[in-house]
Each structure stands twice: as structure tokens, then as C-alpha cells.
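Have a look at the structure below before the remarks.
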Amino acid sequence: MIASNKLNSKNFKLMEKIFEKPFINKQKITMRVLYPLVIVLFTLFLGCIITSCKNKKHEITITPDYAKNHLQKSHLFGNIKEIRTTSYYQYDSTSTLITLSSVTQYYSPDGFLLKVITHDENGELVSTQHIFYHKNAKENYWVISDTDGKMTDSCYYEYDMNGFIAEEKRWSADSLFLITTYKTDGVGNVIELKRNNNVFTLTNTIIYNMHGLVSKIEEYEPSGKLFKYITIEYDNYGDEVNRRVFRGNGYMLEYTYTQYNEKGHLLKVIYENSMHQFRETYTYSNHDAQGNWLTEKRENIDHSIYTRKREIIYY
């Protein structure tokens, strides 16, 4: 767990004030008098620290990955009903915004994705995705349709006797092209998945930290050799701060650093790819009352800018 800069330092400032040297020097207190005083003050200070930690412990609630809904997985706050995201492009900071596309996502009152509609740069419909659920809020299947309503892609899920994900089948039109089988632990965390495309099988193993958050993902080649692995670190609030991608031999390929403000609102993401000498910086601004960003700017190493603007409607 990475220490968070969101924590305040009031108690430490209090200790500095208590043990301020000018106070002791001016009073010229003998050690016989000073020693009990220091003991008393330190006991009071320690009590403040313990109380503060206890209160903070009760205030911070980290939701494990298996228990998160779609809003929580996307680091979204509040009871969101609809999000419309429009993407733009700029050659540089002085050029005009060029619309690329827009995506509208619809959520249920309990935070699960129901529908996604995509439009092109001219506002014309590109595709519609519908997500269907069982009564226990487990995903049943989803389908994507084109402008004529014809199904282009679909996915169907199966669960074991405990209600945990067991298998996923992906279809392109009428062709089955990918089967993913899952192995879960006692609470429903996916600890292994195998993806079979009818040609070869890739295996991933997933490791969790003490809070039930993914801390490491390993990807293996069909031969069983480790191909690459990902490590993920979090702050004291359960928000991801560092993500690193390594080759099987330990050489780091990618690094992503994420920064938040003291309320946990997303501020910046820096992505670096050492193999291709590539760097992108994402900055987030115009947060609404719930703490969700409304403007994202992604700047590449060539100074081209991609912007996303969101309109969020709540229940």
C-alpha cells in the first residue's frame, strides 16, 4: 500500500508546537519538572494520534473488486443515470476542436451499465450495445447492433453453482471466435482465466492484495512461459496510483502514474512506453459537485491534443 498525500498533518504540527524549543528555553524548567510534563503531553498527543487513526479507519471504506458495480470500477461518483462523452482532436493548443465521435452510456439505479450508443463525427448512429442481466445483477449477455439493427457482436456468460463467473463466449455475427474460462476464489475474485481463440490458449493469473484489489496480473504464452506481468499499487484509499507492465524477463515496458486530489477526484494520468519512447499526459478538470471530471485533455509527445468532454445526468 502506498502512503497517501491525502492524509492531513494536524497531529504532527501539534507535536511540533508542544516540543517547541523556545518555550522550554524561556521557562528554564528543571528536568524534575519537565520530565513528568513531557510524559503527560506525549500521552495526550499519543491519544490524539490513536483517536485520529481510529476515526480515519472508520471513514475509509475500500470496496474489493468482486463487489464493485460498473460505476465504481470506472471511478465514478454519485447515482449516475447517463453519461454523454464527446471526443475531439486538435493539431495543437491554438487550433480548432475537431469532433471525432460521441458515446452515451446509460446506467441502472444500482450502478450497472445498461446501454451504450455510439455516434460518429457527424452525429450519425454507428452502433448500439444492450447489456442484459439476471435477477441477481449478474450479466447474462450483451449484443451490439449496427445502424440497421443487425447484430454484429455478442457475448454470453455462464456461472457456477456459487454464482461466480465460469465462462464467457464472444461472437462476431454468427461466428464464435473466443471462449474465456474463469477460475475464482471463495468470494468470487477471478484468480485465473484462459482465452481460447480456436488456434491457441493464453492464460492469465491474477493476484489480489489484502483489500481484495488486483495487485498483479501474469500473462503466459501457450507454451506456459511467462510473457509479461503487470503490477498495480494503490494509495490508502484504494485508488490506483502506479501501474507497471514488465516483460517476462523483468524489463519494464510501460508505466502509468495516477494523481488525485485530497477528495479522491482524478487530476492527472501520465503514461510512458519505454519500448516505443512514447509519453502521454492526461489532465482532468471541471469536476462537478459529485467529483466526476467533465473535461479530459490528452497531450502526446508531438503536442497534438485529444479532448473528451462529458455531460452527466444523475437520478
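Just so it is clear, none of the values below were taken in a lab; they were calculated from the coordinates. In this text the structure is predicted, and so the values were computed from the model without any measurement. Note that each Cβ is placed from the backbone with ideal geometry, even for glycine, and that neighbours are counted across all protein chains shown.
Counting Lys +1, Arg +1, Asp -1, Glu -1, what net charge surrounds G186 among other residues with beta carbon under 15 Å of its beta carbon? Can you show the working numbers first?
On the way: positive: K183; negative: D65, D160, D185, E192.
Within the 15 Å Cβ shell, the charges total -3.
Given N residues in segment 77-219, what is Rg(Cα) / (2.2 N^0.38 Å)?
Working: Rg = 18.7 Å, N = 143, 2.2 N^0.38 = 14.5 Å.
Rounded to two decimals, the normalised Rg is 1.29.
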Give, in nm to one decimal, the length gained when the segment between H211 and N196 is fully stretched (0.36 nm per residue of separation minus the Cα-Cα distance). 2.4 nm
Sites L253 and Y91, calculated FRET efficiency, Cβ-Cβ separation with R0 25 Å, nearest 0.05: 0.30
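Rounded to the nearest 0.05, what FRET efficiency is calculated for N242 and L125 with R0 set to 30 Å and r the Cβ-Cβ distance?
Working: r = 39 Å, r/R0 = 1.31.
For N242 and L125, the calculated efficiency is 0.15.
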For the pair M151 and Q277, the simple spin-label estimate (label points 7 Å beyond Cα toward Cβ) gives in nm 4.9
Counting other Cβ atoms within 10 Å, which trypsin sites (Lys or Arg not before Pro) in segment 137-194 have at most 16 and lie in a DSSP loop? K138, K150
Beyond 29 Å between alpha-carbons counts as too far, so tell me which of K138/K216; K228/K263; K68/K268; K68/K150 fall in that bin. K228/K263; K68/K150
Taking Cα centroids, how far is segment 70-117 from segment 206-263 in Å? 25
Modelled label-to-label distance, Y315 and Y66, 7 Å Cα→beta-carbon offset: nm? 2.5
If R₀ is 45 angstrom, what is the calculated FRET efficiency for the pair Y306 and N162, using the beta carbon separation as r and rounding to 0.05? 0.60
